[in-house]
1. If 2, 96, 53 are ordered by their accessible area, calculated over protein heavy atoms with a 1.4 Å probe, which sequence runs from highest to lowest?
2. In what sequence, largest accessible area first, do 40, 1, 63 appear using a 1.4 Å probe?
3. Excluding ligands and nucleic acids, what accessible area in Å² is computed for residue 31 using a 1.4 Å probe, to the nearest 10?
4. Working with all protein chains in place, sort 55, 3 by solvent-accessible area computed with a 1.4 Å probe, largest first.
5. Using 0.36 nm times the number of residues separating residue 7 and residue 99, minus their current alpha carbon distance, what extension gain do you get?
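The values are calculated or read from the model by the stated rules, or taken from the named source; none is laboratory data. Small disclaimer: the values here were computed from a predicted structure and weren't measured. Only protein heavy atoms, including side chains, enter the accessible area calculation; ligands, DNA and RNA are left aside. Shrake-Rupley method; radii C 1.70, N 1.55, O 1.52, S 1.80 Å.
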Amino acid sequence: MTDHERRAASLEYLGERTGTLEYRFQRDAAVAYELFASGMGDASLLADLGAGTGDFDFYLRAMRGWKGRYLPVDASIDGCDLEEGWNPRAPVDFVTAIELL
């Protein structure tokens with residue numbers, strides 16, 4: 001599969017919402033592909049809005065070997081309410097909101 005085909009498949013997948021473990025893995029792979037294709041590297045700070053338990057961080061490190069900084073943002077964990085605003089203390093390089101409703 002070429003990079004162009006892989007990107008098209010990633011974008012097609014991102015248009016769907018799924019919840020099974022297999023599909024969550026595929027979703028994480030698709031999002032990771034887009035982040036790395038956009039220039040995210042080991043020196044990057046990624047803010048994950050709606051991070052939940054941080055599964056995406058685990059995926060990035062275990063499956064992709066990423067060594068960057070991960071900032072989980074989730075009201076159920078840290079009490080951050082995005083409707084009231086969000087102001088991180090450090091400059092953020094990339095932001096994800098994978099299944100934030």
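1. Working: 2 75, 96 10, 53 120 Å².
Most to least solvent-accessible, the answer reads 53, 2, 96.
2. Ranked list, largest accessible area first: 1, 63, 40.
3. Spelled out: residue 31, probe radius 1.4 Å, area about 20 Å².
4. Reading off the accessible areas and sorting them downward yields 3, 55.
5. On the way: separation 92, 0.36 × 92 = 33.12 nm, distance 1.94 nm.
The span from residue 7 to residue 99 would gain 31.2 nm if fully extended.
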